[in-house]
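Below is one structure, written out as structure tokens; comments come after it.
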Amino acid sequence: MINGIVIKKLNKYQDDRGWLTEIWREDEDNYSPAMSYISITLPGVARGPHEHVYQSDCFVFIGPGFFDLYLWDRRENSPTKGEFMKLEKLGEENPTAVIVPPGVVHGYKCMSEVPATCINLPDKLYKGENKTEEIDEIRWEKDENSIFKID
């Protein structure tokens, strides 16, 4: 387990109307989102890998569809520096929230036969206040020397 990664199993409360899942509560999680967004990823497509210098991400894999999530700890002072993790089939049948701290490379791939949905609640604003700052990302997708691979 990579130090600082938070994995939260989510509960789906289902009735004859459908279902409901709480994804974040300030009284449960020591985390404060600054914004949120939702994305749809097509089957077989990967997003990432990349890392942030300052930002944490709170990914919510709820379905439809599902993902494999890949993590690599690059933080200099981390007791788990250099460790890799792969979390499989996060989504529809395994609703999960994962908080990824700065310095942990992350990427996910849609492994289902249908497009998969991911919600993110990062703790920093994308491009800062009024989108006037540099993007806080270190991209690894095209780094041929990277030992981090999404298969």
Options V98, T41, W24, ranked by Cα towards positive dipole end of the stretch 20-151, top entry (Cβ charges): T41
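Taking the Cα centre of the stretch 1-85 as the origin, how large is its charge dipole in debye, to the nearest 20, when only Lys and Arg (+1) and Asp and Glu (-1) carry charge on their Cβ atoms? The partial results should precede the final answer.
Values: 9 positive and 13 negative charges, 45 e Å.
My answer is approximately 220 debye.
What fraction of the Cα pairs in the stretch 6-126, stated in percent, has a spacing above 25 angstrom? Don't jump to the answer; show the numbers that get you there.
Details: 1560 of 7260 pairs.
Roughly 21 percent, once rounded to a whole number.
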HN-Hα J in Hz across the stretch 114-123 - Karplus 6.51, -1.76, 1.60, θ = phi - 60°, x for Gly and Pro: 10, x, 10, 9, 9, 9, 10, 10, x, 8
Unsatisfied cross-links (Cα-Cα over 32 Å) in the set K12/K124; K12/K131; K109/K131: K12/K131
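Read the figures in this text as sums done on the coordinates, not as results from a lab. What you see is a predicted model, and the numbers here were worked out from it, not measured in a lab. No Cβ is skipped: glycine too gets one built from the backbone with ideal geometry, and neighbour counts run over all protein chains shown.
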